[in-house]
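Note sheet for the following structure.
The values are calculated or read from the model by the stated rules, or taken from the named source; none is laboratory data. Not measured: the values here are computed from a predicted model. Methodologically, a virtual Cβ is constructed for each residue, glycine included, from the backbone with ideal geometry; neighbour enumeration extends over all protein chains shown.
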Amino acid sequence: MNPFLRLFETPWIWSWLASFIVWFLTIMVTLGASTIGVSQAALTFAAFSVIVGLGQMFVITLGPGNIDLSVPATMTFAGTVALKLMNVENGMILPGLLVTIAIGLVVGLCNYSLIKALRIPPIIATLSMSFIVQSAAIWTNRGLRIKPPSALADFTTSNTLGAPNVAIVALLISILAWFLLEKTIYGRWISAIGQSMPAARMAGIPVDGARLATYLFCAVLASVAGYLLACFSGGAALNMGSEYLLMSIAVVVIGGTAVAGGDSNVPGIWGASLFMFLVVSMLNTYGLGAGIRLIMTGLIIISVIMLAGGRRASIR
């Protein structure tokens, strides 16, 4: 088969194609005047969606019903606690990061403990956990907006060789995620679990251990995203993670990951994240109202999912 045609059989190519079309239309409106600015902004804001999307992708790969709704609350709580601990001191950046990771581990452990011990669906367990974590964030924040350390603020808002630093961090995390999925036995385990949990148990796969590790990984990535977002935006707000609830799920679906589980797609997360930002940016450029922007964004997302889904169905 022609390599070019084979490329269009890959699920992730559709999210990248959609993001390129939207990027091109946005640039055409500005006659190319904001090409670099739009591109850097897209990479910057897509980076946060990529980080949380990767974690959600791992959970969804575990099979039907697996999802983590505590992502927004975890982002808010981690960002709030980290900034409060660092207290604008550059020397506290590493302790702040370690506490951020610890928060993710605790939230992930609590999520899976509820799922396993109470035998309730993950969507209910993680939603319940999100209320607890968000309440903890409110108690910790108490209306204060603490600034990040200057060195960390400069890092998250700066570029290296033209590429936003947060995008570079997201790329490194993406490479780690790809390695875990494609080159480790853990990746084969969660794919097998997503395809059939009973069969995975019969094959001797440590299902509970693999699921626990996956929920831990998702929560840690949400915490790291909250840590970076709080530093990038100049402080932790109590609603800063709210838009990433549906976003983390949308980029997984649009990116070509199988919602039924067993099949993940790292490159697609990037294409979908860029697409989601660029759609909003394009509609803003055309001066459309908020209501129309939401409707058109939804219709565009549905169109991309139908196109990719229909194409995959025909390939089968």
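Here are the numbers for the structure shown:
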item: Condition check for Pro164: buried (at least 18 other Cβ atoms within 10 Å of the Cβ) and closer than 20 Å to Leu83 by Cβ; result: no
item: Residues that are within 17 Å of the chain's Cα centre (by Cα), aliphatic (A, V, I, L, M) and farther than 25 Å from Ala18 by Cβ, drawn from region 229-271; result: Ala230, Met240
item: Ser150, sole failed condition from (1) among the hydroxyl-bearing types (Ser, Thr, Tyr); (2) under 20 Å from the mean Cα position of the chain (by Cα); (3) farther than 30 Å from Val59 by Cα; result: (2)
item: Helices (runs of 4 or more DSSP H) lying entirely in region 122-189 (those with 1 or more residues that are under 20 Å from Phe77 (Cα atoms) and at pLDDT below 90); result: 122-141
item: Single residue of Gly255, Gly235, Gly261 found to be of a type outside the set (A, V, I, L, M), at negative phi and either touching a residue at least 12 places away in the same chain (Cβ under 8 Å) or surrounded by 24 or more Cβ atoms within 10 Å (Cβ to Cβ) (or both); result: Gly255
item: Where Ser233 falls short, out of the listed (1) in contact with a Gly (Cβ under 7 Å, 6 or more places away or on another chain); (2) of a type in the set (S, T, N, Q); (3) at pLDDT below 90; result: (1)
item: Failed criterion for Asn111 (all others in (1) surrounded by 24 or more Cβ atoms within 10 Å (Cβ to Cβ); (2) under 21 Å from Ala236 (Cβ atoms); (3) not aliphatic (A, V, I, L, M) hold); result: (2)
item: Positions within region 173-190 being more than 19 Å from the chain's Cα centre (by Cα) and under 14 Å from Gly63 (Cα atoms), in sequence order; result: Arg188, Trp189
item: Unique match (being in contact with a Ser or Thr (Cβ under 8 Å, 6 or more places away or on another chain) and in a helix (DSSP H, G or I)) among Ala199, Ala210, Ala219; result: Ala219
item: Neighbours by Cβ (under 8 Å, 6+ apart or cross-chain): first from region 88-107, among the aliphatic types (A, V, I, L, M); second modelled with pLDDT under 95 and surrounded by fewer than 19 Cβ atoms within 10 Å (Cβ to Cβ); result: Val88/Ile146; Val88/Lys147; Val88/Ser150; Met92/Leu85; Ile93/Ala151; Val99/Leu85
item: Residue, farthest from the chain's Cα centre (by Cα), within region 20-63, restricted to residues that are among the hydroxyl-bearing types (Ser, Thr, Tyr) and modelled with pLDDT under 85; result: Thr30
item: Test: residue in region 33-47 that is crowded, with 24+ Cβ neighbours inside 10 Å and under 28 Å from Leu283 (Cα atoms); result: yes
item: Odd one out for Thr160 among (1) farther than 18 Å from Leu98 by Cα; (2) within 22 Å of the chain's Cα centre (by Cα); (3) of a type outside the set (D, E, K, R); result: (2)
item: Top-ranked residue of region 191-202 - restricted to ones that are hydrophobic (A, V, I, L, M, F, W, C) and touching a helix residue (DSSP H, G or I) at 6+ places or on another chain (Cβ under 9 Å), ranked as farthest from Gln56 (Cα to Cα); result: Ala199
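Listed here are the residues, each with its yes/no results for (1) under 20 Å from Ile103 (Cα atoms); (2) assigned to a helix (DSSP H, G or I); (3) touching an Asp or Glu at 6+ places or on another chain (Cβ under 7 Å); (4) among the acidic types (Asp, Glu).
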| site | (1), (2), (3), (4) |
| --- | --- |
| Phe20 | no, yes, no, no |
| Thr44 | no, yes, no, no |
| Phe58 | yes, yes, no, no |
| Gly65 | no, no, no, no |
| Leu69 | yes, no, no, no |
| Leu83 | yes, yes, no, no |
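Okay, residues lined up against (1) at pLDDT below 80; (2) in a helix (DSSP H, G or I); (3) not aromatic (Phe, Trp, Tyr):
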site: Leu229; (1), (2), (3): no, yes, yes
site: Leu245; (1), (2), (3): no, yes, yes
site: Ser264; (1), (2), (3): no, no, yes
site: Ser273; (1), (2), (3): no, yes, yes
site: Phe277; (1), (2), (3): no, yes, no
site: Leu294; (1), (2), (3): yes, yes, yes
site: Leu307; (1), (2), (3): yes, yes, yes
site: Ser314; (1), (2), (3): yes, yes, yes
